[in-house]
Amino acid sequence: MAYPINRMRRLRRSGMLRKMVREVSVCVDDLVCPLFVTNGLDVKVQIPSMPGVYHYSIDLLVEEARKLSDLGIPAVLLFGLPASKDEVGSETYADDGIVQRAVRALKQALPELVVITDVCLCEYTSHGHCGVVREGGVANDATVELIARSALSHAQAGADMLAPSDMMDGRVLAIREMLDENDFEDTPIMAYSAKYASAFYGPFREAADCAPQFGDRSTYQMDPPNRREAMREIAMDIDEGADIVMVKPALSYLDIISDAKESFDVPVAAYNVSGEYSMVKLAAQRGFVDERRIVEEILVSIKRAGADIIITYSAKDFAMWRNEA
Ligand code: PBG
């Protein structure tokens, strides 16, 4: 198997040859685009920490989703900015909440588009934690009840898929039971299963106005050094009824994506999060990196690691580049 009989460069000699032996490629079908919806009319405000990402009012959200869908992007992941917040995040499970209204508008205008909703309390609570605060900590079981109510209310509004991101124990089972009892047994769950307590969410906290007012999320999100524990989280979520499991963030956790793909036969999603996006965007704006090449390299690395689905703020850019090519 040695040189000079073997020469690895033979198959790298031209673009066509490289294309023939390419092991993986990303396609637009793999992508999910996150979108932020806010109250008002005719609102499109750029998020300062995430150039190219906006808060949209429902009317413009529908227009943006139409563009994404026309570009071939199959799904969006919705985050809501409520009109008001309280201790228990009431708007997350209100029938006329911002996400519920947005889902109805999207499904009416674009019935084919897969509308996934992020199910969590943190954008809706005054303290910014992903659950109910009791005695200075986040109470698991009380939170799970509200998460399940919230998921049901999103499903009733017409959401095609629910994505719980709170990291409470038992929430997938609670959501599954709540959906099944209410005739939504066909609505799938994409669980944020291995979600780490990461500094890469920094820009998102500004985008979704959900930075915790005290402490941090390390009592419920995973500790970054832990690898085997992620497999336990994922196995539990699958047992509880998760249809798709997610690893988040993506780039510093490619080993976890790879392990998940090896160990389980459900689809694996990876979330290329806000910090990963903003670092690239800002460096590209300064001219330090070639944005298109670096985004394509990042997405293909996430795919190569084993992700079937990639949630990314670069979805629209990527799809536009593909349509140009
Ligand atoms: C809500 C949630 C967060 C993200 C997705 N859902 C923030 C957090 O957990 O603090 C992060 C997304 C991103 O950084 O792009 N729980």
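All of the numbers you see were taken from the coordinates with simple rules; none came from a lab. Only a predicted model underlies this, so the values are computations on that prediction, with no experimental measurement involved. Using ideal geometry, Cβ is built from the backbone for each residue, glycine included, and neighbour counts are taken over all protein chains shown.
Structure data summary
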quantity	calculated
FRET E, pair Lys107, Leu17, Förster distance 56 Å, beta-carbon r, rounded to 0.05	0.80
Extension reserve of the Lys67-Ala142 stretch, reckoned as 0.36 nm per residue once the Cα distance is removed	23.1 nm
GluC sites (Glu not before Pro) lying in DSSP loop within segment 128-213, provided at most 10 other Cβ fall within 10 Å	Glu135, Glu185
Theoretical ellipticity at 222 nm over the chain - DSSP helices of four or more residues, -39500 (n - 2.57) apiece, nearest 500	-12000 deg cm²/dmol
Pairwise centroid distance, computed over Cα atoms, of segment 53-76 with segment 1-52, Å	20 Å
For Asp95, Asp243, Asp237, Asp30, order by how many other beta-carbon atoms lie within 10 Å, fewest first	Asp95, Asp243, Asp30, Asp237
Highest-first arrangement of 302-311, 276-285, 10-19, where packing means the average Cβ count within 10 Å	302-311, 276-285, 10-19
Interchain or long-range residues, amide H under 5 Å from Ala250's placed H	Tyr271, Val273
Mean Cα-pair separation over length for the chain, i.e. relative contact order, pairs under 8 Å, 6 or more apart, %	18 percent
Kirkwood hydrodynamic radius of the chain, Cα pairs, Å	20.3 Å
Under 5 Å, built H, 5+ apart or other chain: amide partners of Val119	Ala163, Ser165
Directionally averaged shadow of segment 258-302, computed from the convex hull of its alpha-carbon atoms, nm²	3.5 nm²
At q = 0.10 Å⁻¹, base-10 log of I(q)/I(0) for segment 1-151 (Debye sum, equal scatterers on each alpha carbon)	-0.50
FRET efficiency estimate (nearest 0.05) - Cβ-Cβ, Glu87 to Ala325, R0 45 angstrom	0.35
Within segment 94-224: Cβ-based charge dipole about Cα centre, in debye rounded to nearest 20 (Lys, Arg +1; Asp, Glu -1)	340 debye
Label point 7 Å beyond Cα of Arg293 along Cβ direction - residues of segment 247-280 with amide nitrogen under 19 Å	279-280
